[in-house]
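Step one of this worksheet: look at the structure below.
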Amino acid sequence: MVDCGEGAQLGMMRQRLPFTRLRHIFLTHLHGDHVFGLPGLMGTLALGGNGGDITIHTFEEGKKQLSAIFNYFNRDTPFDIKFNVIKPEEAVILETKSLTVRTIPLKHRVDTVGFVFEEKPNLRHINSEMTKFHEVPHYMMNSLKEGMDFIRPDGTVVPNSVLTNDPTPSLSYAHMSDTMYMPELAEKIGPVDLLFHETTYLEDHAAMAAPRGHSTARQAAMVARDAGAKRLLTGHYSSRYNDDSLFAKEASEIFPNVILNKEGLKIDLG
Ligand SMILES: [Zn+2]
């Protein structure tokens, strides 16, 4: 989960998302609209009686403030609430067998980071017709998946490209909220499959955006375009606008593949 605004758990219930699968919560910054849902969510998780850990990735100050709340209101959780203290800098903050999560510092009114979630490269697919033809022994299959060539007992080499097919592409997602426009962000994010970049304002309020540490839809689209992202997801709209579709309209003048964020939206990254 990235950020946990007020009512996050109600949203999860409406979408029938399984609470038991929630193991990591990544907080971009310590503004109320990004964290006030945490005590309620922890309370509901405690009722489920699940064991294990939940790790909250946040700044030192977040650990301090949230620990005080949890220690009083969420004392009897059947799981451990752990903290991974992060800093507003570029760093890899989590690495699992299949996934890397890194932070990028953003420019907002308080310390803020964006998160980039990247799947590690997938293994190559065995071409079983060819491995049979070249009589590759079974114990070699894992090395083939990792890209190794096959060397016959007589010393001749069968290149890996003959025996395997390209792996399934690895997926990536970047989450950038909240921030003023940062042209340098594009290069740091890179060509992700999906970029969420906040679009608090439209260009008609561009003068207001930067001093408040926010971006316009047009600016988010420029970041998506310059990063080489496949798709841009808008969101974090100012309540001054009545028509959300204006955000997609403005962004798509700069970048074609815009998805308008709304509650309950599900996106297949592949
Ligand atoms: Zn904020």
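Please treat every number below as a calculation from the coordinates, not as lab data. Bear in mind the structure is a predicted one, so any value in this text is a computation, not a measurement. Heads up, the Cβs are rebuilt from the backbone with ideal geometry, glycines too, and the neighbour counts pull from every protein chain shown.
Okay, here's what the table says:
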item	result
Farthest positive-ward along the chain dipole, Cα basis, beta-carbon charges - from 123, 195, 24	24
Under Karplus coefficients 6.51, -1.76 and 1.60, residue-wise ³J(HN,Hα) of region 174-184 in Hz, glycine/proline x	10, 10, 10, 8, 9, 6, 6, 4, 10, x, 6
For residue 25, residues with placed amide H under 5 Å, excluding near neighbours	55, 56, 57
Top positive-direction residue, dipole computed over region 1-142 with Cβ charges, set 46, 104, 67	46
For region 178-263: relative contact order, % (alpha-carbon pairs under 8 angstrom, 6 or more apart)	33
Amide H partners (placed H, <5 Å) of residue 150, local residues excluded	158, 160
Degrees, to the nearest 10: 60-73 long Cα axis against longest axis of the chain	70
Cα gyration tensor, region 1-85 - rounded (a/c under 1.5), prolate or oblate	oblate
Dipole magnitude (debye, nearest 20) for region 123-238, charges at Cβ of Lys, Arg, Asp, Glu	120
Rounded to 10°, Cα long-axis angle of helix 217-227 versus longest principal axis of the chain	20
Ranked packing of 73-86, 2-15, most packed first, by mean Cβ within 10 Å	2-15, 73-86
The chain, relative contact order in percent, only Cα pairs under 8 angstrom and at least six apart counted	13
Using θ = phi - 60° and Karplus 6.51 cos²θ - 1.76 cosθ + 1.60, couplings along region 148-157 (whole Hz; Gly, Pro as x)	6, 7, 9, 9, 5, x, 7, x, 6, 9
More than 26 angstrom apart: percent of Cα pairs within the chain	52
Gaussian network model of the chain, Cα within-10 Å springs - most flexible of 90, 203, 61	61
Principal-axis tilt of helix 38-47 within the chain, Cα atoms, nearest 10 degrees	60
Kirkwood-based Rg to Rh ratio, region 23-181, C-alpha trace	1.20
Computed helical MRE - 222 nm, the chain, DSSP H runs ≥ 4 contributing -39500 (n - 2.57), nearest 500	-7500 deg cm²/dmol
Under-5 Å amide H pairs with residue 94, H placed in peptide plane, nonlocal only	101
Dipole moment magnitude, nearest 20 debye, the chain about Cα centre, only Lys, Arg, Asp, Glu C-beta charged	480
Value of relative contact order over region 1-85, rounded to a whole percent, pairs C-alpha under 8 Å and six or more apart	33
Cβ charges +1 (Lys, Arg) and -1 (Asp, Glu), total dipole of region 1-85, debye	260
